Amino acid sequence: MTLPNGMTPEAAREQAARTYALDRAHVFHSWSAQAALKPMVVTAAQGCYLWDGDGNRLLDFSSQMVNTNIGHQHPKVVAAIQEQAAALCTIAPSHANAARSEAARLIAERTPGELNRIFFTNGGADAVEHAVRMARLHTGKYKVLARYRSYHGGTETAVNLTGDPRRWPNDHGNAGIVHFFGPFLYRSHFHASTEAEETQRALEHLEQTIVLEGASTIAAVLLESVPGTAGIMVPPPGYLAGVRELCDKYGIVFIADEVMAGFGRTGEWFAIDHFEGVVPDLLTFAKGVNSGYVPLGGVAISPRIAASFDDRAYPGGLTYSGHPLACAAAVATIEAMTEERIVEHAAHIGANVLGPGLRELAERHPSIGEVRGLGVFWALELVRDRDTREPLAPYGGTSPAMTATVAAAKSAGLLLFVNFNRLHVVPPCVIGEAEAKEGLALLDQALTVADGYL
Ligand code: PLP
């Protein structure tokens with residue numbers, strides 16, 4: 001049987017062997033010690049599935065880096081990229097072009113409130129870099145507050161904003177960033193036992209941090225609307241509204257990072273839409289904006305901050321800002337998501353298949369400490385002991401139990417997103433009910449391996 005891209009299995013295997021050899025000879029991989037790497041070769045991908053170099057089909061519950069919200073090879077988006085390539089591949093950012101103008105309109109129509117000006121970047125980290133730069137120039141202040149248990153990107157400021165161990169080797173304490181604790185009831189830093197207590201105490205803690213750091217020194221508070229890689233902790237009711245109030249009270253810019261949570265992942269266009277009336281001053285996006293078919297990110301900017309740069313130049317830019325191929329992919333993606341009601345579908349799958357299915361797994365698998373999430377954005381917190389909540393792998397590390405569980409899932413045909421002691425169930429927004437159930441069944445088998453380590 002040929003692969004979805006038309007390759008025969010023999011040709012795919014042959015190509016995979018060469019790909020692997022060249023990769024190991026010449027490719028330097030991100031976030032990794034190079035010597036021990038054994039990257040999986042992917043020869044084809046379609047919808048929610050991909051094929052490895054040995055011809056195995058895998059159901060992708062990771063959406064790669066949580067970016068393929070419309071699945072692989074969506075025909076309308078592939079066609080739009082091809083058409084744009086035939087019409088105009090590239091153009092300097094100083095010129096206006098149709099794909100960029102239209103992408104900006106479609107994004108501005110969907111972002112909350114009046115975030116109507118769009119600055120395009122090549123991805124998420126540079127979107128965060130620019131949002132912070134805008135906040136600093138707008139306020140004339142420098143410090144930025146960000147939470148522990150967060151990820152904001154791999155470039156210099158973005159990685160220093162990040163509240164996870166990937167920051168440590170890049171952190172010399174001089175980036176002008178202060179971290180604070182956000183709400184996370186399962187591992188509450190505030191000894192809270194209810195969501196209401198967690199909200200109130202987390203907001204008191206943030207206000208204390210602002211007061212003690214000095215509001216006159218703080219340009220911005222940066223938060224993922226729903227933290228992603230760090231654990232999919234949906235903020236309890238009232239928290240983000242409280243952050244908005246504190247930012248207004250102290251003259252601080254509120255930046256919502258929607259790079260992972262945006263564009264349908266949570267069952268709304270943006271995760272912050274779950275929190276009625278909360279509108280950030282700046283909103284960063286990437287990934288789902290065009291499912292990563294061509295690299296694209298950006299910042300949606302409030303009128304007040306945009307006006308700061310009406311009469312003085314904004315000191316920043318990129319050769320590929322608003323790249324036509326990337327923007328054409330965004331236009332086609334957003335149109336397809338709208339026409340095919342993909343955001344509503346993600347909400348439905350979360351509420352009626354993944355949420356109930358994962359909770360049912362938690363009833364039978366003692367290794368599951370908590371299930372949390374919404375839409376197609378779920379985390380399983382795996383523990384050695386439900387009472388002590390001791391994680392199945394230490395913070396910042398892995399363990400034989402986690403490695404064996406993930407390997408079991410993969411050999412059964414399921415690709416998961418893993419971080420420390422957590423499995424993230426983050427399939428494309430387009431996943432069908434039958435596919436989601438198939439994935440849950442494979443996950444069920446793999447979790448028996450985790451249970452065996454308790
Ligand atoms: N912000 C968040 C919330 C992310 O999840 C990520 C990437 O995972 C980034 C920023 C960085 O995006 P990129 O990898 O496109 O630079």
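I'd like to verify a number: residues in the range 335-365 that are surrounded by 15 or more Cβ atoms within 10 Å (Cβ to Cβ) and not in a helix (DSSP H, G or I), how many? Going through the range 335-365 one residue at a time, the tally reaches 2. Is there a residue in the range 6-18 that is under 27 Å from the mean Cα position of the chain (by Cα) and aliphatic (A, V, I, L, M)? No, that holds for no residue. Just so you know, in the range 399-454 the residues that are of a type in the set (Gly, Ala, Ser) and within 23 Å of Arg341 (Cβ to Cβ) include one that is farthest from the chain's Cα centre (by Cα), and it is Ala434. Evaluate the range 250-259: report whether one residue or more is surrounded by fewer than 23 Cβ atoms within 10 Å (Cβ to Cβ) and at pLDDT 95 or above. Yes, the range 250-259 has at least one match.
Tell me, which residue of the range 148-162 that is open to solvent by 20 Å² or more (accessible area, probe 1.4 Å) and closer than 19 Å to Phe420 by Cβ is farthest from the ligand (Cβ to nearest atom)? Ranking the qualifying residues of the range 148-162, first place goes to Tyr148. Count of the range 88-103 residues, restricted to those that are free of Cβ contacts under 8 Å to residues at least 24 places away in the same chain and open to solvent by less than 80 Å² (accessible area, probe 1.4 Å), is 1. Checked against the criterion of being open to solvent by 50 Å² or more (accessible area, probe 1.4 Å), assigned to a helix (DSSP H, G or I) and more than 16 Å from the ligand (Cβ to nearest atom), the range 163-175 contains one or more residues that satisfy it. Just a yes or no: is a residue in the range 64-72 without any contact (Cβ under 8 Å) to a residue 60 or more places away in the chain, out of contact with any Phe, Trp or Tyr (no Cβ under 7 Å at 6 or more places or on another chain) and in a helix (DSSP H, G or I)? Checked against the condition, which is being without any contact (Cβ under 8 Å) to a residue 60 or more places away in the chain, out of contact with any Phe, Trp or Tyr (no Cβ under 7 Å at 6 or more places or on another chain) and in a helix (DSSP H, G or I), the range 64-72 yields no hits at all. Is there a residue in the range 194-214 that is within 16 Å of the ligand (Cβ to nearest atom), open to solvent by 30 Å² or more (accessible area, probe 1.4 Å) and in the same structural domain as Ala306 (by TED's automatic domain parsing)? No: the range 194-214 contains no residue that is within 16 Å of the ligand (Cβ to nearest atom), open to solvent by 30 Å² or more (accessible area, probe 1.4 Å) and in the same structural domain as Ala306 (by TED's automatic domain parsing).
Report yes if Phe254 is in contact with a Gly (Cβ under 9 Å, 6 or more places away or on another chain), without any contact (Cβ under 8 Å) to a residue 60 or more places away in the chain and hydrophobic (A, V, I, L, M, F, W, C), otherwise no. No: the conditions fail for Phe254.
The values are calculated or read from the model by the stated rules, or taken from the named source; none is laboratory data. A quick note: this is a predicted structure, and the numbers were derived from the prediction, not measured. Here the Cβ is made from the backbone with ideal geometry for all residues, glycine too, and neighbour counts use every protein chain on show. Note: areas computed on protein heavy atoms with side chains; ligands, DNA, RNA excluded. Shrake-Rupley method; radii C 1.70, N 1.55, O 1.52, S 1.80 Å.
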